[in-house]
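In what follows, a structure is listed as structure tokens, so that the remarks can point back to it.
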Amino acid sequence: MENDLESMRARLAEVRLRIEIAARAVHRDPAEVMLVAVSKTHDANMVVAAIMAGQRLFGENRVQEATAKFAGIAQEHPGTLVHLIGPLQTNKARDGVRIADVIESVDRPKLLRALADAVQKEGKCPALLIQVNVGDEPQKAGVARAEADDFIAACRAEFGASVRGVMGIPPAERDPRPHFVWLAACARRNGLDTISMGMSGDFEIAIAEGATHVRVGSAIFGNRPASAATT
């Protein structure tokens, strides 16, 4: 465990240094950029090592995995926050509201209605980010660019100040910068403060274009376990 902790500290320190350098290069305060450590498919021991190394924000794709992994961790390590960053099924909305501090993947009216029902039943509302399909890719989740403003307005009408910002994933193997620029502009014109964009391979570019949250997995936890890579 000691070796795991030292290795985790080193990887987190490297990512945080990269964040600091990227922020200062565009005259931003590095404290403006929050690191979401994407722990999906990695076990609870890896998460605990990251917590012991000072990390508090974690990203998970699946509600079931997040619940199994973090229900106990959150009790033992107060201040640990869970972001749901993967597509959320409507029949899992109530579970998502229970476990998540932030749901980053609100992307369609059906899910909006399911979340509204879940929030009413649970008596709590996580912070919500609207996922925009910034590349308008048919295979990818997220509200279409052309519909983003109207959908944000609908979400605000239902959830008010719980709607905090936007999230997006640019097309793979293409220049992400135009997509980051567009998403940041979308947040600004809608008066939203949170811009979640940028992953292990492009988060410096995202920071240069205004990201407030970057989602970094492999640079912190390494590659996904072989058993998870095929699922």
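Proximity of backbone amide H atoms, modeled 1.01 Å from N, is registered between V106 and L129, Q131 at under 5 Å, excluding neighbours fewer than 5 places apart on the same chain.
Here the Debye sum runs over all C-alpha atoms of the chain as equal scatterers in vacuum, and log10 of I(q)/I(0) at q = 0.12 Å⁻¹ comes out as -0.64. Calculated FRET efficiency, Q75 and D175, Cβ-Cβ r, R0 45 Å, to nearest 0.05? It comes out at approximately 0.55. Phi angles of segment 46-63 translate, via the Karplus equation with coefficients 6.51, -1.76, 1.60 and θ = phi - 60°, into HN-Hα couplings of 5, 5, 4, 4, 5, 4, 5, 8, x, 8, 10, 9, 10, x, 10, 8, 10, 4 Hz per residue; Gly and Pro are given as x.
For K69, the aspartates and glutamates whose Cα falls under 20 Å of its own Cα, not counting residues fewer than eight places away in the same chain, are D4, D43, E60, D95, D101, E104.
Would you list which aspartates and glutamates come within 13 Å of K140, measuring only between C-alpha atoms, while excluding same-chain residues fewer than 8 positions from it? Output for K140: D107. Near V163, the amide H atoms lying under 5 Å from its own belong to L128; only residues 5 or more places off or on other chains count, and H is placed 1.01 Å from N. Put the Cα centre of segment 75-110 next to the Cα centre of segment 15-72 and the gap is 15 Å.
3J(HN,Hα) along segment 205-217: 5, 4, 5, 4, 9, x, 4, 9, 9, 10, 10, 10, x Hz, from the Karplus curve 6.51 cos²θ - 1.76 cosθ + 1.60 with θ = phi - 60°, whole Hz, x for Gly and Pro.
Read the figures in this text as sums done on the coordinates, not as results from a lab. These numbers come from a predicted model, not from an experiment. As a convention, Cβ positions derive from the backbone with ideal geometry for all residues, glycine included, and neighbour counts pool all protein chains shown.
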